[in-house]
Amino acid sequence: MHIYTCPFCGPRPETEFHFGGEAGNDRPDGDVPAQAWADYLHYRQNPKGAAREIWIHLTCHEVFVMTRDTVTMAAQPGEPIPSDTTDRGDA
Amino acid sequence: MTARRLSSGGEIDRSRPLTFTFDGQTIEGFEGDTLASALLASGPRVLGRSFKYRRPRGLYGAGVEEPNISVSFHDAAGAQINLRPTMQPARDGLALRSDNTDPDAAHDRHALIDRFSRFLPAGFYYKTFMWPNWHLFEPKIRAMAGLGTVDSALTGPVAEQVNHWCDTLVIGAGPAGLAAALTLARAGEEVMLIDDGSRPGGSLLWREGRIDGKDGATWLADTLAELNRLRVRVMPRTTAFGIYDHGLVALNQRHDDGTPDTLWRVRPTRTILATGAIDRPLPFDGNDRPGIMSAHAGLTYLRRYAVLPGQRITVACNNSTGAEVAAAMAQAGAEVTLVDARPDAAPVAGVHNRPGRIASTPGRGAVSEVVLEDGSAIACDCVLVSGGFTPTIHLYAQAQGKLGWDADQLAFVPRTEVTGQTPVGAAAGHFTLGATFAHLGSTLGQAPQAEETQPYAITPAWPDPQAKGRIWIDYQHDVTTKDVALAAREGFTSVEHLKRYTTLGMATDQGKTSNIAGLALMGALTGRDIPQVGTTTYRPPFTPVPLASLGGLETEQRMAPLRRLTLEPAHRAAGATFGDYGGWLRPACYGAATEADQPARIQAEAAMARDSVALFDGTPLGKIEVIGPDAAEFLDFIYYNTVSTLKPGRCRYGFILSEAGIVFDDGVLVRQDENRFLVSCSSSHTAGVLALLEEWRQDRFPRAQVHIHNATAETCTLTVTGPRARDVLLAAGVTCDDGLSDEALPHMAMAWGSWQGQGLRVTRVSFTGDRSYEVSIRADQAEALWETLHTEARRLGGGLLGVEALQILRAEKGFIMIGKDTDGLTRPMDLGMTGPLRRKKTEFLGRRSLWQEEAQRPDRKQFVGLEPADGAGILPCGAHGIDTSGARPRSLGHVTSSYHSPTLGRPIALALIERGAERIGEVIEIQHLGQRRRARLTAPCAFDPKGDRLHA
Ligand SMILES: [Zn+2]
């Protein structure tokens, strides 16, 4: 059982988390060529060593980025995803 | 009977005798005995049979390493199978059965197999898979395989599991572990000390040694007393069987009162491996006979259980630890010959010293004589062998520690640093107290002082590839030197191939006594030295762990709890038959006294809903609120359909797609007001939809502009459907702000209302094709409303509707169930919903995938209705539509839903059929389990295609 660290809740067992995909796999909007769409949909870096991944903590619903070593299985604490910086909010 | 119980000494309590049976024979022992020690003291010499050749076998070991003997018994906790008698306390009244014997260990009817052993070489199974025919051998082999019989009828008590944390977990309570625990506990750490034996002490329980000026037993007692004062948790009978990622150590704790084992999940900051070492056998012809035992096992039986394992004992060794064993046996009254392979070994007083090595053991059955390499013979009834120590480094190797070969001590020892793990004592290759404590002092900064005895010295005694006779490497799996040689000849020279081809080390003892000799021999056969051959991968578990322990409390309802409806008592009172629907316990139908009554009740409920009115509990339907200034924009992206054009107070049916363009979920979306939406989703899909919404909200949208809230559990949703649905609401006193007229609340609209002062939400959507109202009310108010609606419905000739009848009603209308009428390839166009793809202006989830070649193929499977064209009954669900025009029939798709429609008085079905939409009206063949049927393709909607009844 791995222990992952949710930026909101702290360390929790892996069964509370859901894998969301590789981080940095930006979605190409619009009528992109089929190959570009297929790259987004199906092709992954799958690195040996440090991998940046999107995870969701199912109990609080925080979506975050986690760096996980695919060799040692060591998991760094999750980082909040940067979309908050685009908040329009009151500003 | 050659072994005997001594009149004094040992841990046993002679005032508390006990008896149990072994293969029907009565065995006497004492409190404090293990099953093995009692069997050795008063039982037969043959206690089991080897796995392959059915060779008679006796005890070899005294602990987890025991390769030969496994037993089964029944107790209050159920069938206990495949147990090492060396690890089980003797209990009064047990009835033991030797495993893998027929009818018993002494008279095994398959013993003749050993005569034909040359026809059963290594790789026998693999070869018979190829030629002549595996099936000739399979029944016999299967019948003979296995270790004990599982009692499958027994459910039994479930085991407990414990999660725990400590600063340091010390595994092994021998001198190294005890000293380490003491040092760290004195420094203020929270320490847990575990040992797989019945009591802490390790080798101090059977070997001599003086520590800090005290004899071993006194030092042990003093140390345990201090550990107790320091609140160290000391757990005997507990095996650390695996180390997993992120520092998790799994322990299995046995209880000697028959209660099921307890699984511990411990996450220590540091783990000290004081797991000791295991003594290897010596290679000679016939080295597997009953009466041949590990020297340290023999010493254990003598000192811990006061059992002298023979009267005329040959102690054969290649290392310095044989001397203590020989002297102890002689002192206890045996006539002892010490056969030490070391040329420079010092003679031991009180025994016959015969430097050299054993070549063979003549005769049949239990050992009676050994012949040395110089040809001289020694008569004996017991041979105690010591081939040198193998450090128990399984947990270190599991944690990816790398082993190095210590050429002086002839052992693999830990070489690389494993974060958070410290091997000490014999596990680290320190085979004397002096070496152990010196290393411990340099590692932990503090250690006791041992009075140095002689240093550990060893000379090689590996299997000789040229040696004659049958020399066992792996006792349990009957792997001999010949099998290893065959593997080498046939090219299986890598250590992993050797293991799989010969099954060396693959038995339940995991090769604890055999692996090193096997790879030493392979090295000799292929001109490599031992470190070049290397070891196989170490994997958990270290010892077998009962499945009950691993499963713990997570069985049945505790593993996957059924979700229960607030109104379940009301449904029960109304005579509901319940079923599991997507994890919810829901009424399948009402009023069926027996299972045979159910079909008629289901038909009647469906007919009633069409004729008058029916009340349905729709509570499990997912209800997720999406709130905020960007909510409409967000849902435009999430939904296949356009959401932002929906007016407040109105509803729209739509799909959520995956990025691959596959229909992920469907449901009705309600715009409660400008910035507040209610997403309804399939009952069993709520968690998945919620995660999908959150992921896209947080990844793509400003978080402060959209908020998501799962409101499923807050309300109960009571659905009133049928021509008289509005009359029921009016009679029940449900009011809406602008009334319930079709102008104020048309189909696909929602309104806020109240009932007896309690606010509620009424949504006019229909899953039946008839006028329907979904009334959502606070869960704690729901039962009273349910009873009132039920009363009014009955008054109008209506009643309750279960899930099964609702299925018929929706199928009559061609309404899909996601995952039933769709599969992992179904795109919205396949369901006939093409509009949004052509018209929607904004980006949405899965859009680009719908334009890919695969999604646009003309021969896709499309959603259609089916009507039997052969006059027979309903079509089997799952039956294939087939194309018979080619040489072989080809599947065109399959029937996804099929019912008898009481409304239409005929069978109806839904299906996904290739090019279905353009083939409406065609008759195709349907195949199911060899039966052929014929059916006509129709539009999915079989009833009221114009939808007039929604407004009737
Ligand atoms: Zn969290």
Can you name the number of the only condition in (1) within 34 Å of the chain's Cα centre (by Cα); (2) within 30 Å of residue B:25 (Cβ to Cβ) that residue B:138 fails? (2)
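Of all residues in the stretch B:841-866, which are within 13 Å of chain A (Cβ to nearest Cβ) and surrounded by fewer than 16 Cβ atoms within 10 Å (Cβ to Cβ)? Step through it out loud before you land on a result.
Narrowing the stretch B:841-866 to residues within 13 Å of chain A (Cβ to nearest Cβ): B:841-856.
B:841, B:842, B:843, B:851, B:853, B:854, B:856 - these are the residues of the stretch B:841-866 that are within 13 Å of chain A (Cβ to nearest Cβ) and surrounded by fewer than 16 Cβ atoms within 10 Å (Cβ to Cβ).
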The stretch B:597-674: strands (runs of 3 or more DSSP E) wholly inside it with 2 or more residues that are out of contact with any helix residue (DSSP H, G or I) (no Cβ under 7 Å at 6 or more places or on another chain), more than 14 Å from chain A (Cβ to nearest Cβ) and among the aromatic types (Phe, Trp, Tyr) are none
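Say we look at the stretch A:1-53 and pick out the residues that are of a type in the set (A, V, I, L, M) and touching a residue at least 24 places away in the same chain (Cβ under 8 Å); which of these is farthest from residue B:249 (Cα to Cα)? Don't jump to the end; show me each part of the working.
Of all residues in the stretch A:1-53, those of a type in the set (A, V, I, L, M) come to A:1, A:3, A:23, A:32, A:34, A:36, A:38, A:41, A:50-51.
Filter again for touching a residue at least 24 places away in the same chain (Cβ under 8 Å), leaving A:3, A:23, A:51.
Values: A:3: 13, A:23: 31, A:51: 25 Å.
Selected residue: A:23.
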Those residues that are buried (at least 16 other Cβ atoms within 10 Å of the Cβ), out of contact with any Lys or Arg (no Cβ under 9 Å at 6 or more places or on another chain) and either within 14 Å of chain A (Cβ to nearest Cβ) or outside any loop (DSSP other than H, G, I, E, B) (or both), I need them from the stretch B:228-243; list them, please. B:234, B:235, B:240, B:241, B:243
What number of residues within the stretch A:45-54 satisfy the criterion of being within 16 Å of the ligand (Cβ to nearest atom) and either part of a loop (DSSP other than H, G, I, E, B) or more than 10 Å from chain B (Cβ to nearest Cβ) (or both)? 1
Consider the stretch A:4-34. How many of its residues are more than 10 Å from the ligand (Cβ to nearest atom), part of a strand (DSSP E or B) and more than 10 Å from chain B (Cβ to nearest Cβ)? 2
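Restricting the search to the stretch B:719-746, which residues are β-branched (Val, Ile, Thr) and touching a helix residue (DSSP H, G or I) at 6+ places or on another chain (Cβ under 7 Å)? I'd like the intermediate steps shown before the answer.
Step one: filter the stretch B:719-746 for residues β-branched (Val, Ile, Thr), giving B:719-721, B:728, B:734-735.
B:720, B:721, B:728, listed by residue number.
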Could you tell me which numbered condition residue A:1 fails, if it satisfies all but one of (1) touching a Pro at 6+ places or on another chain (Cβ under 6 Å); (2) within 13 Å of the ligand (Cβ to nearest atom); (3) facing chain B (nearest Cβ under 8 Å)? (2)
Within the stretch B:241-248, is even one residue in contact with a His (Cβ under 7 Å, 6 or more places away or on another chain) and charged (D, E, K, R)? yes
Those residues that are farther than 15 Å from residue B:579 by Cα and either within 37 Å of the chain's Cα centre (by Cα) or not hydrophobic (A, V, I, L, M, F, W, C) (or both), I need them from the stretch B:602-618; list them, please. B:603, B:605, B:610, B:611, B:612
Looking only at the stretch B:675-722, filter to residues that are touching a strand residue (DSSP E or B) at 6+ places or on another chain (Cβ under 6 Å) and in a loop (DSSP other than H, G, I, E, B); which one of those is farthest from residue B:612 (Cα to Cα)? B:711
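Only the coordinates and a few stated rules stand behind these numbers; no lab work does. The shown structure was predicted, so the numbers you read here are calculated from the model rather than taken from an experiment. Here Cβ is always computed from backbone atoms with ideal geometry, including for glycine, and neighbour counts include all displayed protein chains.
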